[in-house]
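Encoded as structure tokens, the structure appears first; notes follow it.
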Amino acid sequence: MFSFFRKKTPPTPLAPPSPAASAPTGGSLIGSALVTPINIPDPTASPPERQKWLAKLKASLGKTASGISVVFGGSVIDEALYESLEEALLMSDAGFPATQQLLLDLRRKVKETGVTHPVAMKNILIASLSELLQPLEKALVIGEHHPTVIMVAGVNGAGKTTSIGKLTRHLSDNKASVLLAAADTFRAAAREQLSIWADRNLVDIVSQEGGDPAAVSFDAVSAGKARGKDVILIDTAGRLPTQLHLMEELKKIKRVIQKADPGAPHEVLLVIDGNTGQNALTQVRAFDDTLGLTGLIVTKLDGTAKGGVLAAIARERPIPVYFIGVGEKLEDLETFNAREFAQALLA
């Protein structure tokens, strides 16, 4: 690990972006997440890498896609097809409200366009799902604040600490200096796991055995500001939304962070396990009510995840999904794209 203090100077672009991949004025892209002012070329300029990742996503959601695709195997569009599609969408964890919204939109567009073949109907459904998921597609902005303070929450086992490690690697690889805060102070394994990620990524970590999580968070923000870090990632203890005293502790951590930096935390992320279905939506509701979430990281879509819960989240709590994970490797955490996800889920 190392620490250093440096003034931010205008960076030299690593490669001139193409017109199609140019970033908005004042920033550029990390993953497909906006970084300002660190100038990183858009990795979507490397189609083979993105295509490789998309193939993994499609394979991960393949069981759900097969279950939905079989609905369109006939030759006519009739009421039986709509009923089968409703059942398939519900089985994918899309939830009743999102399923009904998709079906109503589908019926309307089928009538307006006059399509008569199920394959054409399926293409309309992909477009409708893409439109529903579109509010979830948003870039994670890094660099508007110095440092950018990111507070990360989630239930035990969701992959929170691992996701922080992967995000740290993405940021470090793209020249952003990162400081980690081990605010899960009562679980030794969490501190050790975060320390391993800090060592792998050659970044600083603020940790204290048995200390107060809010105090560790305060120290980390203060240290990050003093050392001129670009990003401070704060790992909080995993907890269930029903553990009210622990949810209150999260509120305290957020309040104390604001004392160290009145504008912080600039991002409050929730890590959810894609395998938990509608329970993931319950977690989003509870943590959003408690903390005011700004973004989500959806993990473990390589397991038995059905994937449709993102439609339920978009319908009820359209909080941006900054990243989705389909494996344990560093490259298995990627930015969310509504159209890509809809195609993987339905095609």
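The values are calculated or read from the model by the stated rules, or taken from the named source; none is laboratory data. This structure is a prediction, so every number in the text was calculated from the model and none was measured. When we count neighbours, we look across all protein chains shown, and the Cβ atoms used for this are built from the backbone with ideal geometry, even at glycine.
Residues are listed down the side, and each one gets a yes or a no for (1) assigned to a helix (DSSP H, G or I); (2) at pLDDT below 95:
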site	(1), (2)
ALA55	yes, yes
SER66	yes, yes
VAL76	no, yes
SER84	yes, no
GLU87	yes, no
PRO97	yes, no
LEU103	yes, no
VAL115	no, yes
ALA127	yes, no
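Considering each residue of the stretch 292-312 in turn, none proves to be at pLDDT 90 or above, within 17 Å of GLN51 (Cβ to Cβ) and not in a loop (DSSP other than H, G, I, E, B). Would you call ALA189 of a type outside the set (D, E, K, R), surrounded by 21 or more Cβ atoms within 10 Å (Cβ to Cβ) and modelled with pLDDT under 95? Taking the combined requirement at face value, the residue does not satisfy it. Considering only residues in the stretch 131-142 that are in a helix (DSSP H, G or I) and touching an Asp or Glu at 6+ places or on another chain (Cβ under 9 Å), the one that is surrounded by the most Cβ atoms within 10 Å (Cβ to Cβ) turns out to be LEU132.
Yes or no, residue by residue, for (1) small (Gly, Ala, Ser); (2) within 22 Å of GLU340 (Cβ to Cβ):
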{"residue": "GLN134", "(1), (2)": "no, yes"}
{"residue": "HIS146", "(1), (2)": "no, no"}
{"residue": "ILE150", "(1), (2)": "no, no"}
{"residue": "ALA153", "(1), (2)": "yes, no"}
{"residue": "ASN156", "(1), (2)": "no, no"}
{"residue": "SER163", "(1), (2)": "yes, yes"}
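So, ALA158, is that one closer than 19 Å to PRO320 by Cα, buried (at least 23 other Cβ atoms within 10 Å of the Cβ) and at pLDDT below 95 or not? Taking the combined requirement at face value, the residue satisfies it. Of the residues making up the stretch 88-102, those that are within 22 Å of ASN275 (Cβ to Cβ) and either exposed (fewer than 14 other Cβ atoms within 10 Å of the Cβ) or touching a Lys or Arg at 6+ places or on another chain (Cβ under 8 Å) (or both) are MET91, SER92, ASP93, GLY95, PHE96, PRO97, ALA98.
Do we find that VAL326 is aliphatic (A, V, I, L, M) and in contact with a Ser or Thr (Cβ under 6 Å, 6 or more places away or on another chain) in this structure? Judged against the criteria, VAL326 is a match. When each of PRO147, PRO135 is tested for being in contact with a Pro (Cβ under 6 Å, 6 or more places away or on another chain) and touching a residue at least 12 places away in the same chain (Cβ under 8 Å), the lone residue that passes is PRO135. Quick check: is even one residue across the stretch 317-334 in a strand (DSSP E or B), touching a residue at least 40 places away in the same chain (Cβ under 8 Å) and more than 26 Å from SER128 (Cβ to Cβ)? Within the stretch 317-334, one or more residues are in a strand (DSSP E or B), touching a residue at least 40 places away in the same chain (Cβ under 8 Å) and more than 26 Å from SER128 (Cβ to Cβ). Is one or more of the residues making up the stretch 248-263 in contact with a Gly (Cβ under 9 Å, 6 or more places away or on another chain), of a type in the set (S, T, N, Q) and assigned by TED's automatic domain parsing to the domain that holds PHE336? No, the stretch 248-263 contains no residue that is in contact with a Gly (Cβ under 9 Å, 6 or more places away or on another chain), of a type in the set (S, T, N, Q) and assigned by TED's automatic domain parsing to the domain that holds PHE336. Evaluating GLY210 against the criteria (1) farther than 21 Å from PHE323 by Cβ; (2) of a type outside the set (Asp, Glu); (3) touching a strand residue (DSSP E or B) at 6+ places or on another chain (Cβ under 9 Å); (4) not in a helix (DSSP H, G or I) leaves one unmet condition, (3).
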